[in-house]
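**Q** Take this structure first; my questions come after.
The values are calculated or read from the model by the stated rules, or taken from the named source; none is laboratory data. From a predicted model like this one, the values you see are computed outputs, not experimental measurements. Please note: Cβ atoms are built from the backbone with ideal geometry, for glycine as well, and neighbour counts cover all protein chains shown.
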Amino acid sequence: MASNSWENVVGLGEEVGVGATVTAERVDARGVVRHAPCSPATFVGMTACYLAIDVGSEKLAAAIVGERAEVLVRDRVATPQRDVWAALARLAKRVLAAAPSAPVACGVGCVGPINPVERTVSPLHIPSLEGFALAAEFEAMLGLPAIVDSNAKTIAMAEAWCGAGVGLTDFVAVVMGPTVAGGVVSGGKLLEGRLGNAGNLGHIVVEADGRPCVCGGKGCLDAYAGGKAIEEETGRPPQRAPQSIIERTGIHVGRALLSLGAICDLRTAILGGPVALGFGEPLFAAIQAELDARSRLMFSSGFQLLPSGLGESGPLVGAAALARSLG
């Protein structure tokens, strides 16, 4: 919920100790992935843990995350075509049953849009959750305080907490998965916007009167650079996209970043998500080339592109960061 998100995200990495990671994992009899810390020191000073939920158009994930951002237990399932809430409820209960201690709060990162006033979500690619009171339902089911926000904004929180954004006061965190989204940190604060949907990079127009987008508009970045859009165009998974698609994606993402940078006075982007990390260096090079070619203003020149410091754990660490903001 926008009003409860962190007012100041800078310095969080120094506060918790950056880089609490896990290296060992095993799958128990119920199929839950359990992670072991890389050393006993990982748990020193841990006073709380959080239930973290990530709601995506292709997968649902849940984890128990410690105070130092260590993922202790996690599990995930494919997002079903219907009965998404029932699947989420089962997933959360399964992870809770494997928790080493009782979590103090629940954070939920969900694909947008969101409505922080009513605490509801309306993810474009999950119609069964349109207008769904996700935070209230988790509170009623779990007996825990719960908070929901867009997963792109929670990833920006996570990058500032213990990822590539530690110590940065101004950046956009971009998630390229089935869809494209972003969260903006400006002056050390997470931007919320009127309804908590600030930073929605996927719906910046990159082609005038271009392809139809699921939002109802035309020419949005999401209609070209989202994993779903790429798969629909090529007839193959994004990881098998031809070089021409990767290069075009880089041009479009570069254009969107420059537009956002001009509006918000930014020149650092942290890029993650399965499409971005799957395309890898060719995509990063194409984006950087577009940024270098077009960033001519004094305040935008030298626009810097960084890979996510959290990899695939970003959405869950971000949801935990959101839960942590409850106090």
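Per-residue answers, yes or no, for (1) under 22 Å from Gly202 (Cα atoms); (2) of a type in the set (Phe, Trp, Tyr); (3) modelled with pLDDT under 95:
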| position | (1), (2), (3) |
| --- | --- |
| Glu118 | no, no, yes |
| Val121 | yes, no, yes |
| Ala135 | no, no, yes |
| Cys162 | no, no, yes |
| Val174 | yes, no, no |
| Val184 | yes, no, no |
| Lys189 | yes, no, yes |
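**Q** Further question: Go through the range 120-152 residue by residue and tally those that are without any contact (Cβ under 8 Å) to a residue 40 or more places away in the chain and aliphatic (A, V, I, L, M).
**A** Of the residues in that region, 3 qualify.
**Q** Which of the residues that make up the range 115-138 are surrounded by fewer than 17 Cβ atoms within 10 Å (Cβ to Cβ) and farther than 25 Å from Pro178 by Cα?
**A** Of everything in the range 115-138, those that are surrounded by fewer than 17 Cβ atoms within 10 Å (Cβ to Cβ) and farther than 25 Å from Pro178 by Cα turn out to be Val117, Glu118, Ala136.
**Q** What do you reckon, is Leu258 modelled with pLDDT under 95, at negative phi, touching a helix residue (DSSP H, G or I) at 6+ places or on another chain (Cβ under 6 Å) and of a type in the set (A, V, I, L, M)? Break it down into steps so the answer makes sense when it comes.
**A** Details: modelled with pLDDT under 95: yes; at negative phi: yes; touching a helix residue (DSSP H, G or I) at 6+ places or on another chain (Cβ under 6 Å): yes; of a type in the set (A, V, I, L, M): yes.
So Leu258 passes the test.
**Q** Exactly one of these conditions fails for Arg294: (1) within 17 Å of Ala63 (Cβ to Cβ); (2) in contact (Cβ under 8 Å) with a residue 40 or more places away in the chain. Give me its number.
**A** (1)
**Q** Now a separate question. All but one of (1) crowded, with 24+ Cβ neighbours inside 10 Å; (2) out of contact with any Ser or Thr (no Cβ under 9 Å at 6 or more places or on another chain) hold for Ala173, so report the exception by its number.
**A** With respect to (1) crowded, with 24+ Cβ neighbours inside 10 Å; (2) out of contact with any Ser or Thr (no Cβ under 9 Å at 6 or more places or on another chain), Ala173 is out only on (2).
**Q** Here is a further query. Looking only at the range 142-169, filter to residues that are out of contact with any helix residue (DSSP H, G or I) (no Cβ under 6 Å at 6 or more places or on another chain) and outside any loop (DSSP other than H, G, I, E, B); which one of those is nearest to Arg68 (Cα to Cα)?
**A** Glu159
**Q** State yes or no: is Ala89 at pLDDT 90 or above and in contact with a Lys or Arg (Cβ under 7 Å, 6 or more places away or on another chain)? Let's see the steps before the verdict.
**A** Values: at pLDDT 90 or above: yes; in contact with a Lys or Arg (Cβ under 7 Å, 6 or more places away or on another chain): no.
Here the answer is no, as Ala89 does not meet what is asked.
**Q** I'd like the full set of residues that are among the hydrophobic types (A, V, I, L, M, F, W, C) and either at pLDDT 95 or above or under 17 Å from the mean Cα position of the chain (by Cα) (or both), limited to the range 261-278.
**A** Ala269, Ile270, Leu271, Val275, Ala276, Leu277
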